[in-house]
Amino acid sequence: MSKFVSRDTFIPYNVPDITEAEIDEVVATLKSGWLAKGPRTMQFEKQFAEYLGAKYAVAMNSCTAALHMALAAQGIGPGDEVITTPMTYVASANTVVHLGATPVLADIDYRTTCIDPDEIEKKITPRTKAIVPVHYSGQVCDLDRIYEIADKHNLFVSEDAAHALWSRYKGRLIGNSLQGAASYSFYATKNLCTGDGGMLVTDDEETAVKARMLSNSGMSQNAWNRYAKGGTWKYDIAEFGYKNNMFDIQAALGLVQLRRLEEMQEARLKIAARFQEAFGAMDAIDEPFVPEYTTHCWHLYVIRIVPEVLTIDRDQFITELNERNVGTSVHFIPVHNMSAYTKRFGYKPEDFPETQKHFERCISLPLYPGLTDEQVQYIIDAVADIAAKYHK
C-alpha cells in the first residue's frame, strides 16, 4: 500500500523569481520619465552582449521578433526555404511563414530532442537559405555538425536559443563566437525574465544594423533619442520595418535579472541534479539525456514516461500529477500537429516519428529557483507514486 500523502496546496508549474531589487528598478524607471526604448534598453543590450561575449545585441519585445529579424536581415523571402524542427514552439516556423518563405521540418534525435543533423541534410534543396536549430529545454544542438552542413551549402544559421541562456556547447556559452545569430527569450517562465522580451545577438555588424533598423519600424539609426535634449526630430524610414523593439520597463527587469542569473542558475542546477538521480532510478521514467558536449541550463525539466511498463498513457499521468497538486506542462505540441500547418503543408504525425514519439511521452515538471527542498522531494515522490500505482 502506498505511503504517499498528498499535499493540500498546489505546486505551480512555474513562478517567476522576482525580488525587491527588480521591483525597485522598475519603480525607478517609472519615476525617470523614460518608459519607451531608452537608456536602460541600451544598457541591457551592452551588458547582455558582454555576458555572452558577443559583439552585438539587439533588444526585442519577444524572442519571436528576434527570430523574425534574424532571418529578415538576410533578405529571406518568397521562394526560399528554411529548415527547422517540429519539436519547438511554433514561433520558430511562424517567422519563416511571415517572411513568405517555406518552413521545412527535419525530425529530432530522440535522445537529445534536438534537431538531427542527418535529417537536416536530407531536407536541403537549391531553395534552402537558412537553418533554425532549436536548443530544446536548454539542451544544446550538435553545433559542429550543423555549422559544417551550413558551410558546405552556404546557409545562414539562426540559433533559436529561447531556452539556452547559460547553456554551453563544449564549454562555450551559446551566443559566444557566433558564425550566424542567436535569439533569446525573456518570457515570464524563462531563466531570465522581463515579463516578455527577447534579444538577438550576433558577431556580424551588417546583421545587427539591419535587425536594429527593421525592429524599429525601419527607422534610421539613433532616432530613439529624438525627444531628448540634443536629439533631432529628423529621421528616415529606410526599410519597411516592424515594431519589435524592447522598452525600458522590460529592460529594467532584465538588468537586475542578468545580475542575478548565476544565483538563479545555481538553484536550478541543484534541483535538476536531484531530479536526475531520482528519476534515473525509475524504470517507468526516462530522465533527460545530456550529451558530453552540453552544459545544460535546465530551463525545462522534461521526463518521458515508458509506456511499455505502465498501464496509463502520458495524458493520464499528467492528470494523476494534477490530482496530487503538481503542476505540469507539455513541451511542445509539435508544429506538424498544428492545424494551420497541416492545412497548408499537409504534414502528418508519421512524417516525423521521433518527434511524435517524444511528444506522446513527454511531461515538463516544475523547475524554478523558488522551489523549496520539500516541494522538490514531493514532486519526486508524486511521480514515483504514480509510476508504482500504474506499473504493469
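Sorting 149-161, 322-334 by average packing, meaning the other beta carbons within 10 Å per residue, from highest down gives 149-161, 322-334. Stokes-Einstein diffusion for region 288-330, with the hydrodynamic radius set to the Kirkwood value over Cα pairs and evaluated at 20 °C in a medium of 1.002 mPa s, equals 173 µm²/s. From the alpha carbon centroid of region 94-136 to that of region 243-305 is 24 Å. Between Leu261 and Ser2, the simple label model (points 7 Å from Cα in the Cβ direction) yields a spacing of 4.0 nm. Applying the criteria of a DSSP loop state and at most 13 other Cβ atoms within 10 Å to the chymotrypsin sites (Phe, Trp or Tyr not before Pro) of region 164-267 yields Tyr227, Trp233, Phe240. Counting Cα-Cα pairs of region 334-378 in 10 Å increments starting at 0 gives whole-percent bin shares of 23, 31, 20, 19, 7.
Placing a label point 7 Å from the Cα of Lys357 along the Cα-to-Cβ line, the residues of region 112-135 whose backbone N sits under 14 Å from it are 112-114, 116.
For region 103-228, the Cα-based Rg and Dmax, in that order, read 16.1, 53 Å. With a 1.4 Å probe and all protein chains left in place, how much accessible area per residue does the chain have, in Å²? Counting only protein heavy atoms, the per-residue value for the chain is 43 Å². In a reduced charge model with +1 at each Lys and Arg Cβ and -1 at each Asp and Glu Cβ, the chain shows a dipole moment near 1060 debye about its Cα centre.
Rg of the Cα atoms in the chain, relative to 2.2 N^0.38 Å, amounts to 1.02.
Cys residues of the chain that find no other Cys beta carbon under 4.7 Å: Cys63, Cys193, Cys297, Cys362.
Dividing the convex hull volume of the alpha carbon atoms of region 83-170 by its residue count gives 87 Å³ per residue. Estimated purely from DSSP H runs of n ≥ 4, each contributing -39500 (n - 2.57), the mean residue ellipticity at 222 nm for the chain is -11500 deg cm²/dmol once divided by its residues.
Taking only alpha carbon atoms, region 182-291 gives an Rg to Rh ratio of 1.17, where Rh is the Kirkwood radius. Checking every one of the trypsin sites (Lys or Arg not before Pro) in region 59-140 against DSSP loop status and a limit of 13 other Cβ atoms within 10 Å picks out Arg127.
Farthest toward the positive end of the dipole of the chain, out of Tyr293, Val383, Met246, is the Cα of Met246, where the dipole comes from beta carbon charges about the Cα centre.
Listed cross-link partners Lys3/Lys389; Lys55/Lys152; Lys129/Lys357 are compared with a 20 Å cut-off, the Cα-Cα value being larger for Lys55/Lys152; Lys129/Lys357. When both bridge partners sit in the chain, DSSP labels roughly 60% of those beta bridges antiparallel. Within the assembled protein chains, the solvent-accessible surface assigned to Glu50 is about 110 Å², based on a 1.4 Å probe.
Taking 0.36 nm per residue of sequence separation and removing the Cα-Cα distance, the Thr342/Leu35 pair yields an extension gain of 106.4 nm.
Each residue of region 280-353 gets 166 Å³ once the volume of the Cα convex hull is shared out per residue. What a 1.4 Å probe finds exposed on region 1-145 is 55% carbon and sulfur by accessible area, rounded to a whole percent. Using only Cα coordinates, the Kirkwood hydrodynamic radius of region 4-121 works out to 18.3 Å. Annotation: extensible slack from Ser177 through Glu308 equals 42.8 nm (criterion: 0.36 nm per residue apart, minus Cα-Cα distance).
Between the helical axis of 39-52 and the longest alpha-carbon principal axis of the chain there is an angle of about 60 degrees. Against the compact-protein benchmark of 2.2 N^0.38 Å, the Cα-based radius of gyration of region 137-199 scales to 1.18.
Over all pairs of different C-alpha atoms, region 224-361 has a mean inverse distance whose reciprocal, the Kirkwood radius, equals 20.0 Å.
The values are calculated or read from the model by the stated rules, or taken from the named source; none is laboratory data. None of these values were measured; they are calculated from a predicted model. A quick note on method: Cβ atoms are made from the backbone with ideal geometry, for glycine too, and the neighbour counts reach across all protein chains shown. We work out accessible area using only protein heavy atoms, side chains counted, and drop any ligands, DNA or RNA first. Shrake-Rupley method; radii C 1.70, N 1.55, O 1.52, S 1.80 Å.
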